[in-house]
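K.L.:
Here it is, the structure, as C-alpha cells.
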Amino acid sequence: MADEHRNPEQRHQFAVAMALGERVSVWAKKNGVPKRTCYDWRKTQEYKVTVREVRRHALDRAVGQFVRNLTKAVGRIALLATEAESESVQLQAARAVLRESIKVREHVDLEEQMEDIERRLDERDAKVP
C-alpha cells in the first residue's frame, strides 16, 4: 500500500502530534493521511518510541518548571516556619516541610528503582539475538 510508504518524517510528525495530545482525526485531516493509516502507524515500534521520548522530554521540561517554583515555595514555607508571628503557623509550616520532603524522597527512590529496572531490561535485550 502506498500509505505505508509515506515519508518517514510525516510518520514522525504524526507521533509527535499524538504525544502532545492531538486527535488522530484532526491530524489526519490536516495532513491528508487516511485515518486507517494513522491507526496502523500507531502500532509500530517507531511510533511508540517517539511518543515515549516526546512525552519524557515534555515531562522533563514541566518538572524543571515545577522545581523552580517548588524552590520558591519551600523558601517561603521555611521562612514561615522560622519567622511567622503565630506558633500555630510555624508548626503548620514545619509539618509541611517534613511531609513534602518525605514525599520527594519517596519519589526519588522510585525514580532510581525505575532507572535500574530500565537499565537491566536494556542489558537483557542487548543480549537477546
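K.L.:
With an 8 Å cut-off on Cα pairs and a minimum separation of 6 or more residues, tell me the relative contact order of the chain in percent.
P.N.:
Reported as a whole number, the value is 16 percent.
K.L.:
If you rank Thr44, Thr71, Thr37 by fewest surrounding Cβ atoms within 10 Å, what's the result?
P.N.:
Ascending number of Cβ neighbours within 10 Å: Thr71, Thr44, Thr37.
K.L.:
Now, a different point. Equivalent-ellipsoid semi-axes (√(5λ), Cα gyration tensor) for the stretch 1-66, whole Å, largest first?
P.N.:
24, 12, 8
K.L.:
If I take every Cα pair under 8 Å that is 6 or more residues apart in the stretch 1-66, average their sequence separation and divide by the length, what percent do I get for the relative contact order?
P.N.:
Relative contact order comes out at 38 percent.
K.L.:
Can you count the Lys pairs in the chain whose Cα atoms are under 28 Å apart, with each pair 8 or more apart or on different chains?
P.N.:
9
K.L.:
If you don't mind, there's one more thing I want to ask. Mind checking the dipole of the chain: about its Cα centre, +1 per Lys or Arg Cβ, -1 per Asp or Glu Cβ, Debye to the nearest 20?
P.N.:
Taking the Cα centre of the chain as origin, the dipole is about 720 debye.
K.L.:
Pick from Ile117, Ile102, Ile77: which residue has the top mean-square fluctuation in a GNM of the chain where Cα pairs under 10 Å get a spring?
P.N.:
Comparing Ile117, Ile102, Ile77 in the GNM, the peak value goes to Ile117.
K.L.:
Okay, moving on. Can you figure out the FRET efficiency of Val63 with Tyr39, using R₀ = 41 Å and their beta-carbon distance, to the nearest 0.05?
P.N.:
FRET efficiency, Val63 to Tyr39: 0.85.
K.L.:
Let me spell out the model: positive unit charges on the Cβ of Lys and Arg, negative unit charges on the Cβ of Asp and Glu, origin at the Cα centre of the stretch 50-100. What dipole size does that give, in debye rounded to 20?
P.N.:
Numbers: 9 positive and 6 negative charges, 89 e Å.
Once rounded to the nearest 20, the dipole reads 420 debye.
K.L.:
Something else now. Only four residue types carry charge here, +1 at the Cβ of Lys and Arg and -1 at the Cβ of Asp and Glu. Report the dipole size of the stretch 1-66 about the Cα centre in Debye, rounded to the nearest 20.
P.N.:
240 debye
K.L.:
Give me Arg11, Arg23 ranked fewest to most by other Cβ atoms within 10 Å of their Cβ, as a rough exposure proxy. Let's see the in-between values first.
P.N.:
Values: Arg11 19, Arg23 10.
The fewest-first ordering by Cβ neighbours comes to Arg23, Arg11.
K.L.:
Right, something else. Toward the positive end of the charge dipole of the stretch 1-66, about the Cα centre and with charges on Cβ (Lys, Arg +1; Asp, Glu -1), which of Asn7, Gln45, Val24 goes farthest?
P.N.:
Of Asn7, Gln45, Val24, it is Val24.
K.L.:
Further question: Expressed in nm to one decimal, what extension gain is obtained for the pair Arg95 and Asp122 from 0.36 nm per residue of sequence separation less their Cα-Cα distance?
P.N.:
Fully extending the segment from Arg95 to Asp122 adds 5.6 nm.
Every number in this text was worked out from the coordinates using simple rules, so none of it is lab data. Quantities reported herein were computed from a predicted structural model and do not represent experimental measurements. Note that we place each Cβ from the backbone using ideal geometry, even for glycine, and neighbour counts take in every protein chain shown.
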